[in-house]
Amino acid sequence: MNRPTLPSNLDRTQMRLGVSVLLVVVAMLIGLGGRVAYLNSPDRSHFTAKALRQQRGGTPLSARRGMIMDATGRVVALSRQTPTVFVDPALVDDVDKLSAALAVRVSRPADEIAESIRRRADKRYVVVATDVDKVTADAVRAMNHPAVGLTDHGRRVNPLGAMMAHVLGWVGRDGNGMAGVELTYDKHLSGTDGYRATICDVRRRAMLRAMPASRSPIDGGHIVLTIDAEIQRITEKALTDSIDRFDAEHGVALVMAPATGEILAMASLPGFDVGEPVLPSNIERRRNRVLTDPVEPGSTFKALVICGALDGGYVTSHERIDCFKGWHYFGGRLLKDTHANGMLDVRGIITKSSNIGMGVIGHRMGNAALRDTLMRFGLGKRTGVDLPGESTGVVYSLRKWNSYSTTSIPMGYEVLVTPLQLVSAFSAIVNDGIRVRPHVVKELVAPDGKTVQSFETPVVLGRVASSKIARYVAGELLRSVVTNGGGVKAQVGPYNVLGKTGTAKLISSVRGEYEDGAYLGLFVGAAPATRPELVALVMIRRPDARKGYYGGTVAAPAVGAILAESLAYIGVTPDALSTHAGL
């Protein structure tokens, strides 16, 4: 009988190995089953989203910011596409190592780059450098690092440099408007960024790039200004010459079309270049003082009060008022004139800028009528100009007025107005008594060139006086200031100019009282006198009093030059002035 053959040692080893393999396979199957069950648990959506994030990448596609053009179509602000270097923190294994590699390529400290990446570790797009040149872009691209990328980014460029900087404003590093038109119309200019999606492998290397873009960028719209670059140049030159000649602290100037409210030039000097970084040392120069700095307007204010007095019947054009030889007490307050004036009609009072004559008229009107006149001219509230940062100025409530106010207000004190408010009010006088809203934007234009919105139709804000009164004040009284009064230096060139001088003391910001030797000299004028096309203002702050400080000296010549050159440039025919016999 044959006995069974026992397995050899080799056979037993093979059996144990087979069982082990089988057990491993079973364990793997059980593990995979458990994993499948886990992934299908209530946390499934979390893991699905995580997988998608790992598999998908992409690059932002920047929209091109719209252009800003002057009234003639000249481009004054545009965006040029330049490379921007960015990092995706989710793909960075060693922050310090990557930062060191980038630092030598983009010329930025490694610790700054590392800090930026760590601070925004939860983001997928961290900007490392903007506006890099081609050599830098090629060096970054050669790194071939999955966490580093380049995208085109719009860099704002102003072809005219610092010209009209306060009107345009500037754009921040994030591409958003920070001031001026760039801020007011940021939504229209900025457009909408796009995004190009990418399918990635396990190491986040791009395998398939979606074509076309997953979401195409929508470029921003364009803007056409009312500002004319040539009139702006003329204005800034005249203002600079006056500031330099009288060693002034600073000055502002403004040119406006009174019938439409279109602002053709706006300047605050010394100015700034929009390409300069915003620093504490230049922040003051970035403030648009035409809008933000209300001042006591001095004798320029007399034209507004005379309008109200004539319109309300408190005085007539032929009536003569005793100005007491330049020295008179109103209650306990003494008023003085620079000349010993006797009997003057309203033309004489405005031409000689008599404080006493205006004091008499102020008493006739009373505080309520005076304040009503200010309200009709829109003082104490914003003009509504389409620029940010406009001040309301200061017109106190009637309960804060007293007997001093009755004579102070007609002389241009106890009230604060911005240069824009003053030009708007003066424009109402030369526009037959009708006040319109000032604006700096003529129209909004779509990326394809079609007009989206036009602002050329004037927005009427109200009437300040009857047409007859306004014409008389402009054509007779204010013209006389230039032919026979303190504004004679404004008569430059062939156009008949009308206007009003003003000189005001400045209040010390430290002591809160009028400062010795500190003045504001201003002049606001219009031309041609028979049919004013333009109104211009020049305001010179803290001129060297030894060289001159009266408005007729430091500001009137600049206004005359601005009006003469600007009117010739736009082709206005010089006028032959007709005289007014009165009302």
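Can you tell me which residue among Thr338, Thr373 is surrounded by fewer than 16 Cβ atoms within 10 Å (Cβ to Cβ) and closer than 26 Å to Val497 by Cα?
Values: Thr373 fails: surrounded by fewer than 16 Cβ atoms within 10 Å (Cβ to Cβ).
One residue alone meets the criteria, Thr338.
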Please go through region 449-473 and pick out each residue that is in contact (Cβ under 8 Å) with a residue 40 or more places away in the chain and either among the hydroxyl-bearing types (Ser, Thr, Tyr) or under 23 Å from Asn341 (Cβ atoms) (or both).
-> Ser466, Tyr472, Val473
Residue count, region 536-547 (criterion: in a loop (DSSP other than H, G, I, E, B) and either within 15 Å of Leu506 (Cα to Cα) or under 27 Å from the mean Cα position of the chain (by Cα) (or both)) | 4
Filtering region 324-354 down to residues that are closer than 16 Å to Thr406 by Cα and either among the hydrophobic types (A, V, I, L, M, F, W, C) or part of a loop (DSSP other than H, G, I, E, B) (or both) yields Phe330, Gly331, Gly332, Leu334, Leu335, Ser354
Failed condition for Glu565, given (1) over 28 Å from the mean Cα position of the chain (by Cα); (2) outside any strand (DSSP E or B); (3) more than 30 Å from His318 (Cβ to Cβ) = (1)
Got a sec? Which of Ala340, Ala309 is aliphatic (A, V, I, L, M) and closer than 26 Å to Tyr396 by Cα?
-> Ala309
Sole exception among (1) over 29 Å from the mean Cα position of the chain (by Cα); (2) closer than 21 Å to Thr338 by Cβ; (3) surrounded by 21 or more Cβ atoms within 10 Å (Cβ to Cβ) for Gly517, by number = (3)
In region 140-156, residue farthest from Thr84 (Cα to Cα) [restricted to those that are of a type in the set (A, V, I, L, M, F, W, C) and crowded, with 17+ Cβ neighbours inside 10 Å] = Ala147
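Here's the yes/no breakdown for (1) out of contact with any Gly (no Cβ under 6 Å at 6 or more places or on another chain); (2) modelled with pLDDT under 95; (3) under 21 Å from Gly359 (Cβ atoms):
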position: Pro388; (1), (2), (3): yes, no, no
position: Tyr396; (1), (2), (3): yes, no, yes
position: Pro410; (1), (2), (3): no, no, yes
position: Val415; (1), (2), (3): yes, no, yes
position: Val430; (1), (2), (3): yes, no, no
position: Gly433; (1), (2), (3): yes, no, no
position: Val436; (1), (2), (3): no, no, no
position: His439; (1), (2), (3): no, no, no
Would you confirm whether any residue within region 119-142 is in contact (Cβ under 8 Å) with a residue 24 or more places away in the chain, touching a Gly at 6+ places or on another chain (Cβ under 9 Å) and assigned to a helix (DSSP H, G or I)?
-> yes
What are the residue pairs meeting all of these: first residue in region 488-503, first residue part of a loop (DSSP other than H, G, I, E, B) and among the aromatic types (Phe, Trp, Tyr), second residue surrounded by fewer than 21 Cβ atoms within 10 Å (Cβ to Cβ) and at pLDDT below 95, Cβ atoms under 7 Å, and 6 or more apart or on different chains?
-> Tyr495/Pro574; Tyr495/Asp575
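How many residues, within region 85-94, are farther than 21 Å from Thr151 by Cα and crowded, with 19+ Cβ neighbours inside 10 Å?
Taking region 85-94 as the starting set, the residues that turn out to be farther than 21 Å from Thr151 by Cα are 93-94.
Next, from what is left, pick out any that are crowded, with 19+ Cβ neighbours inside 10 Å: none.
Of the residues in region 85-94, 0 are farther than 21 Å from Thr151 by Cα and crowded, with 19+ Cβ neighbours inside 10 Å.
Quick grid of which residues meet (1) touching a helix residue (DSSP H, G or I) at 6+ places or on another chain (Cβ under 8 Å); (2) in a strand (DSSP E or B); (3) buried (at least 19 other Cβ atoms within 10 Å of the Cβ); (4) not assigned by TED's automatic domain parsing to the domain that holds Ala504:
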residue	(1), (2), (3), (4)
Glu390	yes, no, yes, no
Ile409	yes, no, yes, no
Leu420	yes, no, yes, no
Glu443	no, yes, no, no
Thr457	no, no, no, no
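Here is a check on your reading of the model: is Leu522 more than 22 Å from Ile434 (Cα to Cα) and among the aliphatic types (A, V, I, L, M)? If you could, list the steps in order and put the result at the bottom.
Working: more than 22 Å from Ile434 (Cα to Cα): yes; among the aliphatic types (A, V, I, L, M): yes.
Yes, satisfied.
The values are calculated or read from the model by the stated rules, or taken from the named source; none is laboratory data. Bear in mind that the values here come from a model prediction, so they are computed numbers and not experimental data. For neighbour counting, all protein chains shown are included, and Cβ atoms are generated from backbone atoms with ideal geometry for every residue, glycine included.
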